[in-house]
1. Any residue in the stretch 88-110 that's over 10 Å from LEU4 (Cβ atoms) and touching a residue at least 40 places away in the same chain (Cβ under 8 Å): show its pairings with residues that are assigned to a loop (DSSP other than H, G, I, E, B) and open to solvent by less than 30 Å² (accessible area, probe 1.4 Å) at Cβ separation under 7 Å, as long as the two are six or more apart or on different chains.
2. Any residue in the stretch 1-30 that is under 11 Å from VAL110 (Cβ atoms) and part of a loop (DSSP other than H, G, I, E, B) sitting within a Cβ distance under 8 Å of a residue that is open to solvent by less than 30 Å² (accessible area, probe 1.4 Å) and hydroxyl-bearing (Ser, Thr, Tyr)? List the pairs, counting only those 6 or more apart or interchain.
3. If you take the residues of the stretch 68-77 that are free of Cβ contacts under 8 Å to residues at least 24 places away in the same chain and part of a strand (DSSP E or B), which of them is nearest to LYS43 (Cα to Cα)?
4. Within the stretch 44-57, which residues are within 14 Å of the chain's Cα centre (by Cα) and either open to solvent by less than 30 Å² (accessible area, probe 1.4 Å) or not hydrophobic (A, V, I, L, M, F, W, C) (or both)?
5. Taking the residues in the stretch 1-43 that are among the polar types (S, T, N, Q) and farther than 19 Å from PHE67 by Cβ as candidates, determine which candidate is surrounded by the most Cβ atoms within 10 Å (Cβ to Cβ).
6. Consider ARG66 carefully, then state whether it is under 15 Å from the mean Cα position of the chain (by Cα), open to solvent by less than 70 Å² (accessible area, probe 1.4 Å) and at pLDDT 95 or above.
7. Could you check how many residues of the stretch 83-114 are of a type in the set (A, V, I, L, M), open to solvent by 30 Å² or more (accessible area, probe 1.4 Å) and outside any loop (DSSP other than H, G, I, E, B)?
8. Given the criteria buried (at least 17 other Cβ atoms within 10 Å of the Cβ), part of a loop (DSSP other than H, G, I, E, B) and at pLDDT 95 or above, does LEU80 qualify?
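The values are calculated or read from the model by the stated rules, or taken from the named source; none is laboratory data. Just so we're clear, the structure is a prediction, and the values are computed from it rather than from any experiment. FYI the Cβ positions are ideal-geometry reconstructions off the backbone, even for glycines, and counts take in every protein chain you see. Keep in mind that these areas ignore ligands, DNA and RNA; they rest on the heavy atoms of the full protein, side chains included. Shrake-Rupley method; radii C 1.70, N 1.55, O 1.52, S 1.80 Å.
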Amino acid sequence: QVQLVESGGGLVQPGGSLRLSCAASGSTFSIYAMGWYRQAPGKQRELVATITTGGSTNYADSVKGRFTIARDNAKNTVYLQINSLKPEDTAVYYCNAGGGLGYWGKGTLVTVSS
């Protein structure tokens, strides 16, 4: 079992930045591939970024060059640095461990608005 708690969301103006954090507990964090997903109002949940146990990363085309995923295995934490935010980035951002059938956090809301 893995428990995931996201933090760092909030209201930000277009062009701004946020850093989301996901703290994991309950199991060996380092054995899991981790990911960030998001769900905008009225839309399906979509993949934002993933990071493997070895540190390889993958991004959705819509966020490449603006979002950076990173993990700190010593702190059992995965991060999502979000830059150059756009209104269309508004969504609830979810942390995931172990892929689609793995573990999910409850999400943190990011609202991009002027």
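1. THR90/ALA40; ALA91/ALA40; VAL92/GLY107; TYR93/GLY107
2. From the stretch 1-30, the pairs are GLY8/SER21; GLY8/THR108; GLY9/TYR93; GLY9/THR108.
3. THR68
4. ARG45, GLU46, VAL48, ALA49, THR50, ILE51, THR52, THR57
5. Going through the qualifying residues, I end up with SER27.
6. It is true that ARG66 is under 15 Å from the mean Cα position of the chain (by Cα), open to solvent by less than 70 Å² (accessible area, probe 1.4 Å) and at pLDDT 95 or above.
7. Within the stretch 83-114, residues that are of a type in the set (A, V, I, L, M), open to solvent by 30 Å² or more (accessible area, probe 1.4 Å) and outside any loop (DSSP other than H, G, I, E, B) number 2.
8. no
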